[in-house]
Amino acid sequence: MFRVKGSRDIISIREFSVDDIGVFLEKACDIKNNPGEYSSFLEGKSLARLFYEPSRRTNESFRLAMERLGGEANIGFTTPKGTSVEKGESIRSNIRMCEQYGATCIVIRHPRDGSARYAADVTELPVINGGDGYNEHPTQNLMDLFTIHEKQGRLDNLKILFFNDLKYGRTTRLVYPLSKFPKNRFYFLSHRNVRMPENVKHYLNANAVKWEESLNPRDFPDILSEVDVAYGSRTQNERFPKTPEGQEMLYDVMDYVVLSKKTLKAAKPNKNLMIMHPLPVDEEHPCLQIEELEDEPFAYWNQQAGNGIPARQAMLYLIHAD
Amino acid sequence: MLIDMSKKIQDIKYGMVIDHIKPGRGRDIADCFSRGLYCEEHPIFIAEGVPSTSMEKKDIVKVEDIHLRRGSNVLNEIALFGDPTVNMIKRGKVIEKKKVMKYFSDVIETDLINCANPNCITQEGEAPRRFYTVRRRPLEVRCHYCGREFEVERK
C-alpha cells in the first residue's frame, strides 16, 4: 500500500514522510535490480497522460515506466497542440474522458500552479503531478532522492548545494524532503535576483535545519569542496516577467553562476561528490558545462535522468498496488 | 430573496442582526446572504448610515428566520467586510452576540478572495476558490491549490 496522507495521489513532495520515502526507495531499488519480476504487474492497466506543456523526459519516462510494468500509456495527449484543449476544453472534461476510456491513473503536466491538486479533486482516479507551473515537480524530486540514495547510501548527514536559479527552478523543492532527514546541511548559491525563496528558508528555520547562502560566485570552489551533492538548476528564462525590468533581471542572472572544469579544478571536492542537474541544460547560457564535465567521476546527471524510469515504475507500482 | 430597502427596520422574533457594519457595506453584506441562501423566505432589511456611539455611523442588516453557525460561508464572506457584530435572535431576544471573526472557519470557499498568485489555476476560472485560514488577525490564508499564503485585505 502506498498512501501519502491517505491518498494515492502524488501532488506535493511536502506531503511525503520519511517512511513514505523509505517505501518508495526500497521499491525503486528492487525494480531497478530485478526488472523482469515486474514486467507484467500492470497488465490491463492504463496510464493517461495529460501534458498541457511539452516535456521530453517526464513524458517519455512515464510512458516507458508504464510499458515496462506491462501496462499501457495510450490515453491523453503529450502536447495540447491540435487537441480539444485549443478549443477550450476544461481539465475536468478531459479527466472525464480519461475515466471513460479506462484509465487507471492520470499524470498531468500543466503551466498553472495548483492544476494537479485541482485534477485530483475532480476524480477518484489517482493523479500524479508531472509539474504544475512554478510550483512543484514531485516525481523529479523522488527520482533525485533515489539517485542520491543509490550513490551515497543514505539520505541523512549530507551537505547539499543548490546553485543557479533557485527562485523559479521547481526541482530545488528537493530541500523539503531532504530536510526531514537528520543532520543534512544546505548551501544556496545564486544571483540575488533568483535567491532561494524566503518561504523555503523560513521552513528550514522553523525546523531547525542548517543552511547557508552565498550570492558570490567566487565562493563556488570553496562550497564545492565541502559538499556531497551539487545540484544545478537551469535559469528558467520563460518564467521571468516579459517587462523590460524582468528581462534586465534575466540578463543579470545569465552566466553568473557556472560550474565549469575550471571551477572544479579550483575546488578540492570529496570523492563522493555528485553533480546533478534535472536537464535540459541551456545551451547558450549553461549553469553547468556538461560537455567538458561529462567524463568527470562526479557527473551524475545522465544516471539521474536514467533513474527516472525505475523511479516512476516504483511510483506506478505503489499507486496500483492494493 | 428579498432585499427591502424601503421597509422600516423592525424588530425580528427569530433571525440574525448584523450590527456595526462599516457605513456603505450593508448592501455588500446583504449580497453575501443572497449568494449563500437559496430561498426567498428570509426577508433581509438594510439600514444605512444609522447614528452610532462607537463608530459615528454604521449600517445594520437584519435577516429573518435563520441562524447560521460557525463554518457557514455566508459568515466567512461577511468577515471580509470588517468585523461586524453578529446577534442571534430568538423569541425577540438576543441569545448570542459575537464578532463575526469568531464564526470564521478554517476552510473558506469564496469568489471574494482572489489568490495572490497570478499563475494559480484559480485565475483561469475553472477551479472553485478554496482557502485555509493561516492567521485570523490580520487575516492570512493559504490557497488550496497552489499553496500560496497571503494576507487578505479587508474590503
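Which residues, counting only those in segment A:20-58, are charged (D, E, K, R) and either closer than 19 Å to A:L125 by Cα or in contact with a helix residue (DSSP H, G or I) (Cβ under 7 Å, 6 or more places away or on another chain) (or both)? Once the filter is applied, which keeps residues that are charged (D, E, K, R) and either closer than 19 Å to A:L125 by Cα or in contact with a helix residue (DSSP H, G or I) (Cβ under 7 Å, 6 or more places away or on another chain) (or both), segment A:20-58 yields A:K27, A:K32, A:E43, A:K45, A:R49, A:R57.
Table: residues versus (1) of a type outside the set (A, V, I, L, M, F, W, C); (2) at pLDDT 95 or above.
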| site | (1), (2) |
| --- | --- |
| A:F2 | no, no |
| A:I11 | no, yes |
| A:P35 | yes, yes |
| A:L42 | no, yes |
| A:E53 | yes, no |
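Within segment B:50-71, can one find any residue that is of a type in the set (S, T, N, Q), open to solvent by less than 50 Å² (accessible area, probe 1.4 Å) and closer than 15 Å to B:G24 by Cβ? Checked segment B:50-71: at least one residue is of a type in the set (S, T, N, Q), open to solvent by less than 50 Å² (accessible area, probe 1.4 Å) and closer than 15 Å to B:G24 by Cβ.
Residues that are within 14 Å of chain A (Cβ to nearest Cβ) and under 30 Å from A:P197 (Cβ atoms): does segment B:92-107 have at least one? The answer is yes; a qualifying residue exists. For A:Y300, the conditions (1) of a type in the set (F, W, Y); (2) under 25 Å from A:E150 (Cα atoms); (3) free of Cβ contacts under 8 Å to residues at least 60 places away in the same chain all hold with the exception of (3).
Condition check ((1) open to solvent by 80 Å² or more (accessible area, probe 1.4 Å); (2) free of Cβ contacts under 8 Å to residues at least 24 places away in the same chain; (3) under 26 Å from A:V281 (Cα atoms)) across all residues:
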position: A:E37; (1), (2), (3): yes, yes, no
position: A:L42; (1), (2), (3): no, no, no
position: A:T58; (1), (2), (3): no, no, yes
position: A:F62; (1), (2), (3): no, no, yes
position: A:L69; (1), (2), (3): no, no, no
position: A:A73; (1), (2), (3): no, no, no
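Here are the criteria: (1) open to solvent by less than 40 Å² (accessible area, probe 1.4 Å); (2) not in a strand (DSSP E or B). Tell me which single one B:M88 does not satisfy. That leaves (2) as the condition not met. In segment A:123-158, the qualifying residues are those that are within 9 Å of chain B (Cβ to nearest Cβ) and open to solvent by 10 Å² or more (accessible area, probe 1.4 Å), and the one that is nearest to A:A28 (Cα to Cα) is A:E136. Selection of segment A:80-119 for residues being out of contact with any Phe, Trp or Tyr (no Cβ under 9 Å at 6 or more places or on another chain) and closer than 26 Å to A:Q313 by Cβ yields A:I95, A:M97, A:C98, A:E99, A:Y101, A:G102, A:A103, A:T104, A:C105, A:I106, A:A119. Within segment A:75-105, if we keep just the residues that are under 28 Å from A:N302 (Cβ atoms) and among the hydroxyl-bearing types (S, T, Y), the residue that is surrounded by the most Cβ atoms within 10 Å (Cβ to Cβ) turns out to be A:T78. Residues in segment B:108-135 that are away from every other protein chain (no Cβ under 14 Å) and surrounded by 13 or more Cβ atoms within 10 Å (Cβ to Cβ): B:I108, B:T110, B:L112, B:I113, B:T133. For beta carbons closer than 7 Å, sequence separation of 6+ or different chains, a first residue in segment A:239-262 that is touching a residue at least 12 places away in the same chain (Cβ under 8 Å) and a second that is surrounded by fewer than 15 Cβ atoms within 10 Å (Cβ to Cβ) and not aliphatic (A, V, I, L, M), the qualifying pairs are A:F240/A:G246; A:F240/A:Q247; A:S260/A:E292; A:K261/A:E292. Where helices (runs of 4 or more DSSP H) fall wholly inside segment A:1-119, the ranges with 3 or more residues that are within 14 Å of chain B (Cβ to nearest Cβ) are A:91-100.
Of all residues being closer than 18 Å to A:R117 by Cα and more than 9 Å from chain A (Cβ to nearest Cβ) in segment B:136-154, which is most open to solvent (accessible area, probe 1.4 Å)? Just the residue, please. Reasoning before the result, please.
Applying the first criterion (closer than 18 Å to A:R117 by Cα) to segment B:136-154 yields B:141-149.
Narrowing the set further to residues that are more than 9 Å from chain A (Cβ to nearest Cβ) leaves B:141-142.
Details: B:V141: 0, B:R142: 90 Å².
So, considering only residues that are closer than 18 Å to A:R117 by Cα and more than 9 Å from chain A (Cβ to nearest Cβ), the one most open to solvent (accessible area, probe 1.4 Å) is B:R142.
For beta carbons closer than 9 Å, sequence separation of 6+ or different chains, a first residue in segment B:127-147 that is of a type in the set (D, E) and a second that is assigned to a loop (DSSP other than H, G, I, E, B), the qualifying pairs are B:E140/B:V152.
The values are calculated or read from the model by the stated rules, or taken from the named source; none is laboratory data. Quantities reported herein were computed from a predicted structural model and do not represent experimental measurements. Because the Cβ atoms are built from the backbone with ideal geometry, glycine has one as well, and the counts that use them run over all protein chains shown. Side chains are part of the model used for accessible areas, which takes the heavy atoms of the whole protein and leaves out ligands, DNA and RNA. Shrake-Rupley method; radii C 1.70, N 1.55, O 1.52, S 1.80 Å.
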